[in-house]
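Here is the structure we will look at.
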Amino acid sequence: MSTKYISHPLIKPRSVEARLYQQLVYTRAIRGNTLFVAPTALGKTVLCIMVAAHRLKTIGGKVMMLAPTRPLVLQHCRSFRKFMAIPPEEIRDFSGTTDPETRRELWPVTTIAVATPQVVENDVRSGNLDLKDYCLMVFDEAHRAVGNYSYVPIAKAYVDSCPDPLILGLTASPGNDEETVREVCENLFITNIEVKSDDDPDVRPYVNPVEVDWRLVALPDSLRKASSMIREYLEKRIASLREIGLIDSGYPTRKDLLKAGKVLGLGAERFSAAFKRPKYLYYRALMDYAMALKAEHAIEILETQGPRQTLSYMKRMMQDAQVRGAPRSTKSFVKNESISAFTEYLERLVYAGADHPKMSMVEKIVLEEIRKNPESRIIVFTNFRDTVDLIVERLSRYPLLRVTRFVGQSSRRSAGLTQREQSRILDLFRSGRFNVLVATSVAEEGLDIAEVQMVLFYDCTPSAIRNIQRRGRTGRKGAGRVVILITENTREEAYHWAGQSREKKMRQLLRRIDESLKKRQLSLDSFYAARTSS
């Protein structure tokens, strides 16, 4: 298939490759509000630029693109300046780093604005920004358009105020279930869903091969013993909840626990009426539920992360229990004899140098890749900041590895990175100053790091969205490799297969919802046509 290029007066000549499938999506995206679902590196940014150029040329006005973080905002701003034949000073980024008065002066003289949603929502509410002149509104990471997130009121304000609105939503995955996907579509007024994956025949010629390698890791006896110690405590809490009738599964999961929590959230009166039990049992169940969740979380950290991370969690619980006004469940949890014995055993393991076997595998896999290709860039993903710090500590021992951490902003318990620091680290990673980035989920969403040869999952996630986003960090400019570490015979195996299953179901779900949207649109068109002719 020959390569085609966009010919458009507002797009710099031969600067953006127009793939065949992008042209097909583009022809639909300029006709109605579209949700474009595609993995990273399949041209969502290119499509956005094509649609923006079309609207500016045919409708006039201005374009707004929203992205959830400042690093993403800056990245998109660079793309527009690189590809659009518009004076750079008319393409600006807006975030919380710019004061409201300056933003009020800059909005009217900006042709393409790339902004964080909180800033736009605040300025619309204060009257500093009017959305009526924007011919296109782009929502990056559109799956966030649920609940009270700023995307929701912005989309409504835009549709209400603009005489000829057009919305484009971009995401690797809009959600794991039908209710969430429909909520995203409704909140963004979507009438058309376009889904593309690596396996589609019209996409395959343009996709770099990505090798996926699953590695099963056996949990050593010392960690299995620790797991069984706290599991006994958890089973006692579960038995108490089962006796009341809140749990009926023989092998309850975290999902079963959370369902029980929803019932308890109804309050003592409704609980007592529904289960025909005295109110004091409600408060006992509430305690058992809270302590069971803490034990469940400790097991997850132990089996998927390691003893040091689990000990850190237990010590945080102890510190929390000392705070005035701490929940009774936290105090009871740390004072329990079984929990004390579990914590002491963890301390002995850590003192003896025990670690999760995945740690040594990370060292081996990363070193092999760098020795094979010294120019490689590697991202190691993990769900926990404690594990980020431990991996950085372990990998930094090797002179070949130039390692840095990449996490979100500071929290009450953990030092983080400002968005400015995140942007600086990404620039240093791109330039080769660092060759290994150890990151939490903050690096999963949309960041353009072109030269990543390998992505390593230290742990698994059941989320289809996060799996797709993690994998999408590699294979952008050349062949890529994904290595996924899975602890054998633990919930991590279940997470892995759940994630795989959800990805397949998600694609089927999107196509089904798209068909229903098209039927609804046809019905609306027929209704308006009938009204006009009568």
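The values are calculated or read from the model by the stated rules, or taken from the named source; none is laboratory data. Keep in mind the model is a prediction, meaning the values are calculated, not measured. Cβ placement follows ideal geometry from the backbone for every residue including glycine, while neighbour counts extend to all protein chains displayed. Side chains are part of the model used for accessible areas, which takes the heavy atoms of the whole protein and leaves out ligands, DNA and RNA. Shrake-Rupley method; radii C 1.70, N 1.55, O 1.52, S 1.80 Å.
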### Query
Expressed in nm to one decimal, what extension gain is obtained for the pair Asp177 and Ser338 from 0.36 nm per residue of sequence separation less their Cα-Cα distance?
54.1 nm
### Backbone N within the stretch 417-439 under 19 Å of label point (7 Å from Asn373 Cα along the Cβ vector)
429-438
### Query
Based only on Cα atoms, what Rg/Rh ratio does the stretch 368-424 have, Rh being taken as Kirkwood's radius?
1.01
### For the stretch 279-326, projected area of the alpha-carbon convex hull averaged over all directions, nm²
3.8
### Query
Label Glu90 and Met361 with points 7 Å out from Cα along Cα→Cβ: what is the distance between them in nm?
5.4
### Query
How far apart, in nm, are the 7 Å Cα→Cβ label points at Arg348 and Gln322?
2.5
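What FRET efficiency would be calculated for the residue pair Arg402, Arg78, taking the C-beta separation as r and a Förster radius of 30 Å, to the nearest 0.05?
On the way: r = 24 Å, r/R0 = 0.80.
The computed FRET efficiency comes out at 0.80.
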### Pair Ser222, Thr27: separation of 7 Å Cα→Cβ label points (nm)
6.4
### Query
What list of ³J(HN,Hα) couplings, whole Hz, do you get for the stretch 313-327 from phi and the Karplus terms 6.51, -1.76, 1.60, once you set θ to phi - 60° and write x for glycine and proline?
5, 5, 5, 5, 4, 5, 5, 4, 5, 7, 6, 4, x, 4, x
### Task
Please give the FRET efficiency for Lys255 paired with Val109, using the beta carbon to beta carbon distance and R0 = 41 Å, rounded to the nearest 0.05.
0.20
### Task
Amide H neighbours of Met454 under 5 Å, at least 5 residues apart or on other chains, H built in the peptide plane: list them.
Arg377, Ile379, Arg481
### Task
For the stretch 112-257, give the percent of accessible area contributed by carbon and sulfur heavy atoms, probe 1.4 Å, rounded to a whole number.
47
### Query
Distance from the Cα centre of the stretch 256-295 to that of the stretch 132-187, in angstrom?
36
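What's the FRET efficiency of Leu266 with Arg125 using the Cβ-Cβ distance as r and R₀ = 41 Å, to the nearest 0.05? Walk me through the numbers on the way to the answer.
On the way: r = 34 Å, r/R0 = 0.83.
For Leu266 and Arg125, the calculated efficiency is 0.75.
Give the average over all directions of the projected area of the C-alpha convex hull of the stretch 176-325, one decimal, in nm². Intermediate results must be reported in sequence, preceding the final value.
Values: hull surface 62.5 nm².
For the Cα atoms of the stretch 176-325, the hull's average projected area reads 15.6 nm².
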### Query
For Val109, what accessible area in Å² do you get when you roll a 1.4 Å probe over the heavy atoms of the protein chains, rounding to the nearest 10?
80
